[in-house]
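Heads up: the structure comes next, in structure tokens.
The values are calculated or read from the model by the stated rules, or taken from the named source; none is laboratory data. Just so you know, these numbers come straight off a predicted model, no measurement behind them. Reconstructed Cβ throughout: ideal geometry from the backbone, glycine too, with neighbour counts over all protein chains shown.
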Amino acid sequence: PFDTLMIGGGPAGAAAAVYAARKGIRTGVAAERFGGQVLDTMGIENLISVPHTEGPKLAAALEEHVKEYEVDIMNLQRAVKLVPSPQPGGEHEVQFASGASLKAKTLVLATGARWREMGVPGEAEYRNKGVAYCPHCDGPLFKGKRVAVIGGGNSGVEAAIDLAGLVAEVTLIEFMDELRADDVLQKKLASLPNVEVIKGARTTEVNGDGKRVTGLTYEERASGELKTLDLEGIFVQIGLVPNTEWLQESPIELSERGEIIVDARGMTSIPGIFAAGDVTTVPYKQIVIALGEGSRAALGAFDYLIRS
Ligand code: FAD
């Protein structure tokens, strides 16, 4: 059995593995896809001290760093069930889709999250070619251009406010007849001169010229009429879904949105089981934050091990 086992090999799981291994404890990482969301990212310009890198390059660097230490990396392993130790201080078990199962005294759950997609034609084709999901990451790429934000909840309205300071024009598109964001955000949005809001609209297609986004088509729901907008960027803000489906039957405490609830040391509601990164309730899902949270969870796990 492992002293500590990370489930997930994105920035959070990788950082946790490095921190744990440096304590000389038996460390493993089991991940469906080592690298995580970073593998789907093009330019990364907010990893402090690295002015510019690319997703696959960063994923390779994460793996290389983990491999500097004695860490068992088990790639292509999808966890399907968590069986916590029945008594405190015992071993927790994780079962995988492959039929394998692993035991460890402590776990760091770092299975990340995924952006909810619109599922319309052109969205996948133009991902990273105008279709974006993270305003903190990709906003500056659209400086002086026209963008749309899809979704009028808190994250959509926050994104529109954020982008309005960078880009030429923002069009926010909401499916319902009203925005769902908090009042203060809606007021702030309404005060901005370069933001237009279209409500009751269903985005039906991302348009492009084969290389990049050139616009989008939406249906005005009341009339059924199709309309198009010419623009260079589309930020999809219709939700971030934590990868916790596999924990739904476990006793681990999740928030209303399905995120794992953690304390200041990264520990979940079950002693000895920690969590880090986009899968937790910690706000602002970013690489630097996941790296920090992963490191903290590993130190939390080590602390737990020496006390039990
Ligand atoms: P993830 O990266 O999601 O990794 C999760 C890991 O868990 C993966 O290894 C996955 O395979 C594994 N996993 C999932 N489910 C299971 C399971 N059941 N069993 C086993 N393993 C499982 N952030 C920035 O800071 N800067 C950027 O420029 C930036 N750009 C982005 C661009 C895009 C297109 C996307 C999608 C995200 C971007 N982000 C960016 C966000 C950043 O990628 C995430 O915040 C970060 O990757 C979170 O790390 P994580 O380790 O928590 O989760």
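Which residues, taken from segment 140-157, are crowded, with 16+ Cβ neighbours inside 10 Å and free of Cβ contacts under 8 Å to residues at least 40 places away in the same chain?
Within segment 140-157, just V157 meets the criteria.
How many residues, within segment 157-175, are of a type in the set (D, E) and within 13 Å of F142 (Cα to Cα)? Reasoning before the result, please.
The initial filter retains those residues of segment 157-175 that are of a type in the set (D, E), namely 158, 162, 169, 174.
Then drop every residue that is not within 13 Å of F142 (Cα to Cα), which leaves 162, 169.
Matching residues across segment 157-175 total 2.
Out of all the residues in segment 50-76, which are part of a helix (DSSP H, G or I) and acidic (D, E)?
To start, the set of residues in segment 50-76 that are part of a helix (DSSP H, G or I) comprises 55-67.
Those that are part of a helix (DSSP H, G or I) and acidic (D, E): E63, E64.
Only one of R78, R33, R26 is out of contact with any Pro (no Cβ under 6 Å at 6 or more places or on another chain), more than 19 Å from R296 (Cβ to Cβ) and crowded, with 17+ Cβ neighbours inside 10 Å. Can you tell me which? Explain how you work it out, then say what you get.
Numbers: R78 fails: crowded, with 17+ Cβ neighbours inside 10 Å; R26 fails: crowded, with 17+ Cβ neighbours inside 10 Å.
None of the others qualify; the one that does is R33.
Quick one: in segment 107-145, which of the residues that are of a type in the set (F, W, Y) and assigned to a loop (DSSP other than H, G, I, E, B) is farthest from S295 (Cα to Cα)?
Y126
For the list (1) of a type outside the set (A, V, I, L, M, F, W, C); (2) on the phi > 0 side of the Ramachandran plot; (3) free of Cβ contacts under 8 Å to residues at least 40 places away in the same chain, I need the number of the one condition that P56 fails.
(2)
So which of K187, K211, K199 ends up being more than 16 Å from the ligand (Cβ to nearest atom), buried (at least 16 other Cβ atoms within 10 Å of the Cβ) and either at pLDDT 95 or above or of a type in the set (S, T, N, Q) (or both)?
Working: K187 fails: buried (at least 16 other Cβ atoms within 10 Å of the Cβ); K211 fails: buried (at least 16 other Cβ atoms within 10 Å of the Cβ).
After applying the criteria, what remains is K199.
Pick out, from segment 193-259, the strands (runs of 3 or more DSSP E) lying fully within it that include 3 or more residues that are free of Cβ contacts under 8 Å to residues at least 60 places away in the same chain.
Working: elements: 195-198, 201-208, 213-220, 225-230, 233-236, 240-242.
Strands (runs of 3 or more DSSP E) meeting the threshold: 195-198, 213-220, 225-230.
Being outside any strand (DSSP E or B), touching a residue at least 40 places away in the same chain (Cβ under 8 Å) and within 10 Å of the ligand (Cβ to nearest atom) is the filter here; which residues of segment 262-283 pass it? If you could, list the steps in order and put the result at the bottom.
We begin by selecting, within segment 262-283, every residue outside any strand (DSSP E or B); these are 262-266, 268-272, 276-279, 281-283.
Right, trim to touching a residue at least 40 places away in the same chain (Cβ under 8 Å) and you get 266, 268, 270-272, 276-279.
Across segment 262-283, the qualifying residues are A276, G277, D278, V279.
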